[in-house]
Amino acid sequence: MSSSTVDIKYRCLHPSCCVNCREGLITVEAELFDRLIAESAEKDVIKSPKGACRLGFRQPYKIIKVERQEAPADAAPIQPYVTSPTKADEGPIALLMAEHRDILKLLSVIEEHLRIRDIDALWVSTVDLENALNLHSGRKEEDVVLPILSEILPFGDGLGAIVKEEHREIVSLLHAFRAAMQDGDINDGIIRSMIVSLKSHIRKEDYEFFSLVEGRIDEETKHRLLAGMAEAEAAFVKAVPGDRAIKTDAQKAAATRRGAYYDEMMDVRSLAKADTGCCH
Ligand SMILES: [Fe+2]
Ligand SMILES: [Fe+2]
């Protein structure tokens, strides 16, 4: 079990690094960081942990800054993840990227709960993620950031539409996964799709969308963004997990629809099988 994590601000020293994760932040378990340092010949250069380099190699990473974060003794272990290539340490974009890091930590917790097949823990960890997404993606990005950016950026509307579409997809998958848990199922297909979509969305925002807008917003806009986000945060009311076994009428109706859809799908499959005589 984990007791602390380390945020490493790094620069990739590979001479022909051709991807835009050349600089960034990577978060790893403290134990892994200590191991990387121990196996390194220079104290400020480590070999990137598995999964960090987008090209798939272990590259030399020059350490710019290291920050240890204490985690509760019973916190789930995390997978290394890279994000936040922002140059700024503060401001609205840095804040949004920092929230991406928090969301990735919540994903790590969900991945750990999936690994140990703990449905009750998943019931709680997925509502934590849902709350984080509703506040970050819905209240802050969609209600505050995207309208302001589409005012000031010529391409803001198009980017905003893509971002919103991805939010819809991620949240629908999360809802479908939670609904299946109410029927007693841990649906790996749905949750894995959600995890992949969310990681790719965060990467897209960090490395493409936010990096693109960061240099284009003036001080006044930064203040408007920060004020709007602070207001959204203050007004946000978190949902509680509730009892997994208790369904509202709407949830019962949705479960019936899912059951009917599944039966229909199985009927179509068996008909198709009967038609072709295929044995698979
Ligand atoms: Fe985001
Ligand atoms: Fe987003």
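The values are calculated or read from the model by the stated rules, or taken from the named source; none is laboratory data. Quick caveat, the model's predicted, so the values are computed rather than measured. Neighbour counts are summed over all protein chains in view; Cβ atoms, including those assigned to glycine, are modelled from backbone coordinates with ideal geometry.
Observations
- Test for S125: is it more than 20 Å from I191 (Cα to Cα) and more than 15 Å from ligand 1 (Cβ to nearest atom): no
- Test: residue in segment 149-172 that is closer than 21 Å to D243 by Cα and either more than 16 Å from ligand 1 (Cβ to nearest atom) or outside the structural domain of A250 (by TED's automatic domain parsing) (or both): yes
- Filtered residues of segment 80-116 (kept if surrounded by fewer than 18 Cβ atoms within 10 Å (Cβ to Cβ) and either among the polar types (S, T, N, Q) or at pLDDT below 85 (or both)): K87, A88, D89, E90
- Residues in segment 148-174 that are under 23 Å from A235 (Cα atoms) and more than 14 Å from ligand 2 (Cβ to nearest atom): I148 alone.
- Residue within segment 103-111 that is polar (S, T, N, Q), within 12 Å of the chain's Cα centre (by Cα) and farther than 17 Å from F210 by Cβ present: yes
- Those residues of segment 188-228 which are of a type in the set (A, V, I, L, M), part of a helix (DSSP H, G or I) and away from ligand 2 (no atom under 16 Å from the Cβ), in sequence order: I190, I191, L226, A227
- Candidates I191, I186, filtered to the one that is in the same structural domain as N134 (by TED's automatic domain parsing), crowded, with 19+ Cβ neighbours inside 10 Å and β-branched (V, I, T): I191
- Residues that are on the phi < 0 side of the Ramachandran plot, modelled with pLDDT under 90 and either within 18 Å of the chain's Cα centre (by Cα) or more than 15 Å from ligand 2 (Cβ to nearest atom) (or both) are absent from segment 120-137 altogether.
- Answer from L226, L198 - the residue that is surrounded by 15 or more Cβ atoms within 10 Å (Cβ to Cβ), over 24 Å from L122 (Cα atoms), within 16 Å of ligand 1 (Cβ to nearest atom) and hydrophobic (A, V, I, L, M, F, W, C): L226
- Per the listing K65, K50, the residue uniquely in a strand (DSSP E or B), charged (D, E, K, R) and at pLDDT below 90 is K65.
- Residue in segment 204-218 that is at pLDDT 95 or above, assigned by TED's automatic domain parsing to the domain that holds E99 and within 17 Å of L96 (Cβ to Cβ) present: no
- Whichever residue in segment 95-121 is aliphatic (A, V, I, L, M) and away from ligand 1 (no atom under 16 Å from the Cβ) and, among such residues, is farthest from V28 (Cα to Cα): I119
- Test: residue in segment 154-175 that is more than 13 Å from E205 (Cα to Cα), outside any helix (DSSP H, G or I) and modelled with pLDDT under 95: yes
- Within segment 154-173, not a single residue is among the aromatic types (F, W, Y) and crowded, with 17+ Cβ neighbours inside 10 Å.
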